[in-house]
Amino acid sequence: MKPTSFVPMVGAISPEEAKAVPGLEATVSYWTAGAYSAEEWFRELDASWGTAGFVLRRGGEIQGFVLYGPPGRLARAARYPLGPLDEEAALLAYVEGDARTRRRLLVRMLRDVRGRGVGRVEAISSDGGAPYHAPTSFLLESGWRPVRRALYGRSYYTLARIDLKSAVEVGELARALVGRVKLPGLKRRVPMPGVLARAAEERGDR
């Protein structure tokens, strides 16, 4: 019997497995305004655009997913008063999981779209934690910049953007994001030598 690996593994979502990813069916239905099932949407995107999502697994269990695609294939995006959207950009619809999982998935998505020549990714993020949206605070902490903010319904949303000018910049951003995924015992910052010296002086140490 092959032992189960608990190393996080990120893989592209295929049309056949789309319906087995928890939460993905409802997310696709939301962003396509109910026009597609997850399997139908991924099958169409695979044929016309390419990979439109990744899933992260650990020990055989799904920890999260990321969903993205051309703005024109995510019809609900046009309803938000945040336009115009960049039709040449990819649109991040949603990323699911804890902070560590979401950062890994964002890194994989950015590498994928940059490898296909896409120079920009946008997202309609939620300032107040609305379902099916990436949180605005999380994206801004992850290197995205706010473009426009507007009220839609009873909540505020932000059009966030990240430019992928070169593969080098994507690599640097990826290292920065992954670097923020700290092990529990490594969360404390190490003080600079000058800080330690000043602290010693204040205590009267020699």
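The values are calculated or read from the model by the stated rules, or taken from the named source; none is laboratory data. No experiment lies behind these values; they were computed from the predicted model shown. Don't worry about glycine lacking a Cβ; one is built from the backbone with ideal geometry, like all the others, and counts go over all protein chains shown.
Within segment 75-85, is there a residue that is more than 12 Å from the chain's Cα centre (by Cα), at pLDDT below 95, under 27 Å from GLY34 (Cβ atoms) and among the small types (Gly, Ala, Ser)? There is at least one residue in segment 75-85 that is more than 12 Å from the chain's Cα centre (by Cα), at pLDDT below 95, under 27 Å from GLY34 (Cβ atoms) and among the small types (Gly, Ala, Ser). Would you check if there is a residue in segment 96-107 being in a helix (DSSP H, G or I) and more than 15 Å from the chain's Cα centre (by Cα)? Taking every residue of segment 96-107 in turn, none turns out to be in a helix (DSSP H, G or I) and more than 15 Å from the chain's Cα centre (by Cα). Within segment 21-52, being in a helix (DSSP H, G or I), under 22 Å from ALA134 (Cβ atoms) and touching a Phe, Trp or Tyr at 6+ places or on another chain (Cβ under 8 Å) holds for LEU24, ALA26, THR27, VAL28, SER29, TYR30, TRP31.
Just one of the numbered conditions (1) surrounded by fewer than 23 Cβ atoms within 10 Å (Cβ to Cβ); (2) closer than 25 Å to GLY23 by Cα is not true of GLU87: (2). Scanning segment 132-150 for residues that are within 15 Å of the chain's Cα centre (by Cα) and touching a residue at least 60 places away in the same chain (Cβ under 8 Å) turns up just one, TYR132. So which pairs qualify, if the first residue must be in segment 9-20 and modelled with pLDDT under 95 and assigned to a helix (DSSP H, G or I), the second must be of a type in the set (A, V, I, L, M) and surrounded by 15 or more Cβ atoms within 10 Å (Cβ to Cβ), the Cβ gap must be under 6 Å, and the two must be at least 6 apart or on different chains? Close Cβ pairs (under 6 Å, with a partner that is of a type in the set (A, V, I, L, M) and surrounded by 15 or more Cβ atoms within 10 Å (Cβ to Cβ)) amount to LYS19/ALA38. Please indicate, with yes or no, whether at least one residue in segment 74-83 is in a helix (DSSP H, G or I), surrounded by 20 or more Cβ atoms within 10 Å (Cβ to Cβ) and of a type outside the set (Asp, Glu). Scanning segment 74-83, I find at least one residue that is in a helix (DSSP H, G or I), surrounded by 20 or more Cβ atoms within 10 Å (Cβ to Cβ) and of a type outside the set (Asp, Glu), so the answer is yes.
Scanning segment 101-134 for residues that are small (Gly, Ala, Ser), buried (at least 16 other Cβ atoms within 10 Å of the Cβ) and under 21 Å from ASP86 (Cβ atoms) yields a total of 4.
Taken as a whole, the structure leaves PHE6 outside the set of residues that are surrounded by 14 or more Cβ atoms within 10 Å (Cβ to Cβ) and either of a type outside the set (Asp, Glu) or more than 19 Å from the chain's Cα centre (by Cα) (or both). Residues in segment 13-67 that are closer than 16 Å to VAL95 by Cα and among the acidic types (Asp, Glu): GLU25 only.
Tallying residues that are modelled with pLDDT of 95 or more and assigned to a helix (DSSP H, G or I) within segment 114-127 yields 0. The residues in segment 26-47 that are crowded, with 17+ Cβ neighbours inside 10 Å, without any contact (Cβ under 8 Å) to a residue 24 or more places away in the chain and of a type outside the set (Ser, Thr, Tyr) can be counted, and the count is 1.
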